Ligand SMILES: [Ca+2]
Ligand SMILES: [Ca+2]
Ligand SMILES: [Ca+2]
């Protein structure tokens, strides 16, 4: 059992039945920002579309940086440039009027596989493809490496603000906003309710380890 799993178990033990809904902060390991997206274990991330402000019709996807492929389905896609006036004067887009997930929702999620290097990709067509990972933007049209800003909004919750390189590369960093919340895919705290807490947690940790890669 490594430190993270031990910490998870200890956190759950300390948490008591009243606090089962909250996972300890140390249960998460990895990168989630301009240096890349990488988790040691399979990790669920919830995404919410917030707003867009830019004429391009953009698509936000998860990008597998190991295979250089875009993961399908996408997270969110703009169906129109945005209806703008009088909100921002910059093709303001909201969900569900101009932007939705493939299911037509304002919320979606993705399970990042452990051990895989990912990025987020905002694709506005042509050469206007920008990544949340700075290093992946080196070959883009934009001389600026940073095209996405991660701002912490809470415990493992981030706002991600993008610049899509449109409008002569104005760098306004407001073209696409999403919120992301990093969660553990397993174990589900709710599944432990009513069970012997310590034994149940240990079993889940063990089962998870055995199922790795399944
Ligand atoms: Ca747009
Ligand atoms: Ca803009
Ligand atoms: Ca812009």
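No lab work stands behind these numbers, since they all come straight from the coordinates. Model, not experiment: these values are computed from the prediction. Here the Cβ is made from the backbone with ideal geometry for all residues, glycine too, and neighbour counts use every protein chain on show.
Points worth noting:
- Label-point gap, in nm, between residue 109 and residue 138 - each point 7 angstrom along Cα→Cβ: 3.6 nm
- Cα→Cβ-extended label distance, 7 Å offset, between residue 46 and residue 67, nm: 2.8 nm
- The spacing between segment 30-48 and segment 155-171, judged by their C-alpha centroids, is 18 Å.
- Packing, as the average of other Cβ atoms within 10 Å across residues, places the peptides 67-74, 112-119, 54-61, 154-161 in the order 54-61, 112-119, 154-161, 67-74, highest first.
- Remark: spin-label model distance residue 155-residue 35 equals 2.3 nm, labels positioned 7 Å along the Cα→Cβ axis.
- Burial ranking of peptide ranges 39-52, 98-111 (average Cβ count within 10 Å, highest at the top): 39-52, 98-111
- On the principal axes of its alpha carbon atoms, segment 29-188 extends 46, 33, 27 Å, with the longest extent given first.
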